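Working notes for the structure below.
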Amino acid sequence: MSLTSQQYAALAKDAYDEPPETGASSRPVDIGGITYKRLEYVDSPSGYQGIIYQRIDTNEIIVAHRGTETERELKQDGVYTDGGMVAARHNRQAAEAIELTKHALVYAQKLGKDGETLDVAVTGHSLSGNLAQVTAHHFSLKGETFNAYGAVSLDRRIPEGGTDVINHVMAGDAVSAASKHYGQVKLYATQQEIATLEKAGYDNTRSVLDVRNPIVAKKLGDSHRMHNFLPEDANGKPDRSVLEDPKAQQLAHKFAPMIDKYRDDVEVLRGSVTLGVRGNYGLADDGIDALRGTLAPGAGSAEMAAARWQEVQQRIQNDHAPTYVAPGWKMPIVTSGSEVAAPMAPPGRFGEPASASVPNDPLYQAIHSKLPAGTSPAEAMYATVEAKRAGILRADQLQSVTSHQDNVWIVGQTPGFRVKVDLSDSVPPLQESIRQSQALDTQRSQPEVTQQSPARVM
């Protein structure tokens with residue numbers, strides 16, 4: 001994704017306004033110096049709003065969930081959060097945000113050329129920064145948020161940390177301090193925030209004995225507003241964004257002990273409210289979630305793939321005719337006695353295996369023979385697995401293999417059966433890809449794929 005943090009911020013701000021028109025034929029608009037089309041807009045009775053953008057020059061797709069400005073949602077003690085997220089650990093708009101993001105992924109498949117699926121990213125400010133974290137985790141997407149309420153404390157088993165999402169937060173913002181974040185956190189500070197914290201008794205030391213008052217969050221209400229991340233002030237006049245001001249991060253680093261204590265105090269306050277409201281049944285549910293552990297990113301993508309593969313199987317069985325499937329779908333890998341497997345973490349690139357380890361798979365041999373000289377068996381086997389997941393299961397179903405630099409395009413005889421494989425990243429070791437290939441071959445021989453009734457998206 002080629003967007004800068006400032007360009008993400010411009011989209012998060014634009015999402016606050018209802019667009020005059022949307023759709024593939026809508027007029028392009030300039031947002032933060034970049035030209036986009038607004039493909040889709042959602043404004044639901046629940047209060048959820050969001051926009052799907054397509055960047056004209058790169059075709060990248062971005063989902064901006066609409067956030068909450070400070071003056072609209074002022075809550076007691078300066079913490080601007082939805083009561084459901086604090087008390088019930090649940091964001092009631094998450095399902096709609098996931099659905100809109102799913103629409104964006106479908107656009108990415110339909111609008112991509114030559115089998116290429118367009119990049120999709122997410123963004124949002126405030127409570128919708130929380131939705132951006134939720135959807136980024138659900139579909140394993142990249143994104144950037146601004147003063148987001150962290151998604152880790154929700155009931156979705158989302159892990160803390162990672163590199164897929166960058167969360168930009170102001171030092172005095174209570175919303176982003178109230179919950180841990182999915183992704184990395186970048187902290188910014190102003191002189192006014194530091195002065196306010198000092199007056200509230202916060203020392204710039206690691207000592208816990210200073211007399212401090214987190215109720216100062218009320219006085220720091222302006223820290224939460226979106227204009228901090230834009231080249232304009234609260235009145236819309238030209239100003240410098242903290243994203244483009246090196247002093248903002250330098251100040252945050254200098255006063256890190258003070259800021260950390262304040263943000264920790266806010267999180268403790270939020271946690272005490274959650275514990276007080278949840279009750280025994282809620283705490284029991286929390287305990288069960290803790291025992292189950294966190295979910296790997298990408299569960300939603302696996303569900304979409306499983307739904308598409310089941311429909312392909314049904315069409316083949318019922319029609320006995322060539323089947324068209326929208327480009328970009330992949331057959332999910334299912335292991336015995338388990339749900340659809342979550343995407344595995346990319347291991348390091350392995351060296352060349354012994355010749356005895358080279359698989360005797362006709363599809364692998366056909367693909368490897370069409371790849372550039374020097375392509376390792378591990379890389380060729382990884383491409384074979386991706387081809388099988390795209391529905392190209394046998395050598396006679398292979399139409400062409402085209403490579404350019406580190407990208408490989410594999411096209412099948414059936415319209416829509418195609419995949420782009422990026423070999424620039426670390427690929428799995430050969431034996432791991434062989435295992436996945438064999439698992440896919442086993443699934444092919446079974447009448448249907450085991451799954452949990454995922455939503456149909458074709």
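The values are calculated or read from the model by the stated rules, or taken from the named source; none is laboratory data. All values derive from a computational prediction rather than experimental measurement. For neighbour counting, all protein chains shown are included, and Cβ atoms are generated from backbone atoms with ideal geometry for every residue, glycine included.
At a glance:
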{"quantity": "Residues that are assigned to a loop (DSSP other than H, G, I, E, B) and either polar (S, T, N, Q) or not assigned by TED's automatic domain parsing to the domain that holds ILE31 (or both), drawn from the range 216-273", "calculated": "ASN235, SER241"}
{"quantity": "Subset of the range 113-125 that is in contact with a Phe, Trp or Tyr (Cβ under 7 Å, 6 or more places away or on another chain) and within 19 Å of ARG225 (Cα to Cα) - its residue that is surrounded by the fewest Cβ atoms within 10 Å (Cβ to Cβ)", "calculated": "HIS125"}
{"quantity": "Among residues of the range 374-415, those that are more than 20 Å from GLN431 (Cα to Cα) and among the acidic types (Asp, Glu), counted", "calculated": "2"}
{"quantity": "Filtered residues of the range 180-196 (kept if buried (at least 24 other Cβ atoms within 10 Å of the Cβ) and either within 18 Å of the chain's Cα centre (by Cα) or of a type in the set (Asp, Glu) (or both))", "calculated": "HIS181, TYR182, GLY183, GLU193"}
{"quantity": "Test: residue in the range 3-21 that is touching a Ser or Thr at 6+ places or on another chain (Cβ under 9 Å), part of a strand (DSSP E or B), closer than 17 Å to LEU100 by Cβ and of a type outside the set (Phe, Trp, Tyr)", "calculated": "no"}
{"quantity": "Selection status of SER223, modelled with pLDDT under 95, under 16 Å from GLN249 (Cβ atoms) and either touching a Cys at 6+ places or on another chain (Cβ under 7 Å) or of a type outside the set (Asp, Glu) (or both)", "calculated": "yes"}
{"quantity": "Test for HIS103: is it part of a helix (DSSP H, G or I), touching a helix residue (DSSP H, G or I) at 6+ places or on another chain (Cβ under 8 Å) and either among the aromatic types (Phe, Trp, Tyr) or modelled with pLDDT of 90 or more (or both)", "calculated": "no"}
{"quantity": "Test: residue in the range 174-182 that is within 16 Å of HIS253 (Cα to Cα) and either among the β-branched types (Val, Ile, Thr) or in a loop (DSSP other than H, G, I, E, B) (or both)", "calculated": "no"}
{"quantity": "Residue in the range 144-161 that is basic (Lys, Arg) and modelled with pLDDT of 90 or more present", "calculated": "no"}
{"quantity": "Entirely in the range 332-440, the strands (runs of 3 or more DSSP E) that have 2 or more residues that are of a type in the set (Ser, Thr, Tyr) and either closer than 25 Å to GLY112 by Cβ or at pLDDT below 90 (or both)", "calculated": "398-404"}
{"quantity": "The range 372-402, residues that are under 30 Å from the mean Cα position of the chain (by Cα) and small (Gly, Ala, Ser)", "calculated": "ALA378, ALA380, ALA383, ALA387, ALA390, GLY391"}
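Here is a yes/no grid of residues against (1) surrounded by 14 or more Cβ atoms within 10 Å (Cβ to Cβ); (2) closer than 20 Å to GLN109 by Cβ; (3) not assigned by TED's automatic domain parsing to the domain that holds GLU96:
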| residue | (1), (2), (3) |
| --- | --- |
| GLU18 | no, no, no |
| THR22 | yes, yes, no |
| VAL29 | yes, no, no |
| ILE34 | yes, no, no |
| ARG38 | yes, yes, no |
| TYR48 | yes, no, no |
| ILE52 | yes, yes, no |
| ARG55 | yes, yes, no |
| ILE62 | yes, yes, no |
